[in-house]
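What follows is one structure encoded as structure tokens, with my remarks underneath.
What follows draws every value from the coordinates through simple rules; no lab data is involved. Not measured: the values here are computed from a predicted model. Every residue, glycine among them, receives a Cβ derived from its backbone with ideal geometry; neighbour counts consider all protein chains shown.
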Amino acid sequence: MPIFPAAEPAIVACVTYRNAFSSFLLRLNKGVAGQGSSHRRGRKKKGLFHIVEIVIITMVMFVVIFQMSSMPNPEADWGKSRLTVQGRDILYSIIDSGADWSDENEIAGLVDDAFNGTNVKYSLVLSGAPEASISVGCLCDGSPDCHSFCDWLSGELPPPGGSLKFNGLPTGFTVTETSSINNLFGVMVDTQPLTGMDREVANYLSSGGGFVLVRNLSSQDFTDYGTTLSEYFAVSSSAGSGSGSVRFDLDCITEDPEYYQIPRYFSHISNGTGDRYNITNTFSSFSGDSAQKGPDPSCGVTILRTANGYPACIAREGASGGMGKTVWVSNDMSVQDDWSILLTSLVLWSSGHERQILSSDMGVEKAAVSIYMIPRNNTQSGYNHMFQPIEAILTLGYIY
């Protein structure tokens, strides 16, 4: 059996063509040789014909070799297919086993057991589920007001392992007061001016961090660091000022499912009685400030709007180089319950929607499989139940 069956017709055609072409040249040379004084020129032509013949044969062989080299590698395709089938079987097996997806150690153990003794590397991510523990850095210069806010924030954001759950998966926050913007934190929360921090904010966001600015903006803020506010928070100065009650701007939010996640979080977090918040309700006392959405209509979405049309909260995804999330929200704590739940929702949104259960450096990715599910342990009733399918993504690759 030929080693390269696909290339055999091309090789046969090449040999046949060479024989026919050689016979043609031989007859031509004989004719040229019989022309008396043209004999010497005939020799030169004969040599030229041989050169042309070599060039043509070389070109044909080059085409044949190129075709053979571009043929798919059956072994490589089979390896990827095998990983895909294996990964899908493992995910379905975990679901059918009734495993508790809120227990990351249990899920990780089941995947580890499935690949024990193999040369497969793997990672597992739950998309649509916040991290179990979200690290929050409260930016503070040490002033009493700033220190008081960080203490208040630490007490208001639910801790990990508490009652805050989405689709049965618990989540919570660990708040640490810090004097600098640090990539160790998943989300930064700040009430102070960002004067001179343009580069730090940009670098932090480009690494995928979230930034929540809680501040009643003034004209001096736009003078001192207006570029930072406009470029990264999609906020610009306004000649007017918001007033009256504040509510979610559902007309803007529903244009993009990503931003609609904020009122969904707000609705499904308890207000202390077990009832869901009604996102059509208004905040009875909230400051609008002299701010408006930035000039670029593609950047940012108004989340809260005052009765006279001014924004009180603006969110932006992909704030720096397509990475990171930012939120500016006006600072008014006169409505403690609503404000606390709103801030929790904004920090939660800024942290992202992916939970890393297993992580591994794949090098070159070989295969990725995913399935959508509602965790079976999601049996609680009332405000903790938020219907949102979660995508389990299992990425697989060979060590060697």
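Is there a quick way to get the dipole size of the range 74-185? I mean about its Cα centre, with the Cβ of Lys and Arg at +1 and of Asp and Glu at -1; what is the value in debye to the nearest 20? Walk me through the numbers before you get to the answer.
On the way: 5 positive and 16 negative charges, 78 e Å.
It works out to roughly 380 debye.
Local charge sum around Trp349 (other residues, Cβ-Cβ under 10 Å, Lys/Arg +1, Asp/Glu -1)? Display every interim value, and only then the final one.
Numbers: positive: Arg264, Lys325; negative: Glu258, Glu317.
Once positives and negatives cancel, what remains is 0.
Mind running the shape call on the range 146-269? Use the C-alpha gyration tensor, a ≥ b ≥ c as the square roots of the eigenvalues: rounded below 1.5 for a/c, prolate if a/b tops b/c, oblate otherwise. Let's see the in-between values first.
Working: a/c = 1.67, a/b = 1.20, b/c = 1.39.
Verdict is oblate for the range 146-269.
Tally Lys/Arg at +1 and Asp/Glu at -1 over every other residue whose Cβ is under 14 Å from the Cβ of Gly210; what's the total?
-3
Within the set of other residues whose C-beta is less than 15 Å from the C-beta of Ser143, count the net charge using Lys and Arg as +1 and Asp and Glu as -1.
Combined, the nearby Lys, Arg, Asp and Glu give -4.
Return the FRET efficiency for the residue pair Phe62, Tyr398: r is the Cβ-Cβ distance, R0 is 30 Å, and the value is rounded to the nearest 0.05.
Numbers: r = 34 Å, r/R0 = 1.12.
FRET efficiency, Phe62 to Tyr398: 0.35.
So what are the ³J(HN,Hα) numbers for the range 91-97, from phi and the Karplus equation (6.51, -1.76, 1.60; θ = phi - 60°), rounded to whole Hz, Gly and Pro as x?
Whole-Hz 3J(HN,Hα) from phi for the range 91-97: 4, 5, 5, 5, 5, 5, 6.
For the range 53-58, what does the Karplus curve 6.51 cos²θ - 1.76 cosθ + 1.60, with θ = phi - 60°, yield as ³J(HN,Hα) per residue in whole Hz, taken in order and with x for Gly and Pro?
Each residue of the range 53-58 in turn: 4, 4, 4, 5, 4, 4 Hz.
Non-local amide H neighbours of Phe173 (under 5 Å, H modeled in plane, Pro and chain starts lacking H): which ones?
Ile134
Quick one: grab the alpha carbon gyration tensor of the range 133-351, order the square roots of its eigenvalues as a ≥ b ≥ c, and give me rounded if a/c is under 1.5, else prolate or oblate depending on whether a/b is larger than b/c. All intermediate terms of the calculation are to be shown ahead of the outcome.
Values: a/c = 1.36, a/b = 1.08, b/c = 1.26.
In terms of gyration-tensor shape, rounded.
Tell me which residues come under 5 Å, amide H to amide H, from Ser238 once H is placed; ignore anything under 5 positions away on its chain.
Result for Ser238 returns Ala291, Gln292.
With θ set to phi - 60°, apply the Karplus curve 6.51 cos²θ - 1.76 cosθ + 1.60 along the range 222-235 and write out the HN-Hα couplings as whole Hz, x wherever there is a Gly or Pro.
5, 6, 7, 8, x, 5, 4, 5, 6, 6, 10, 10, 6, 10
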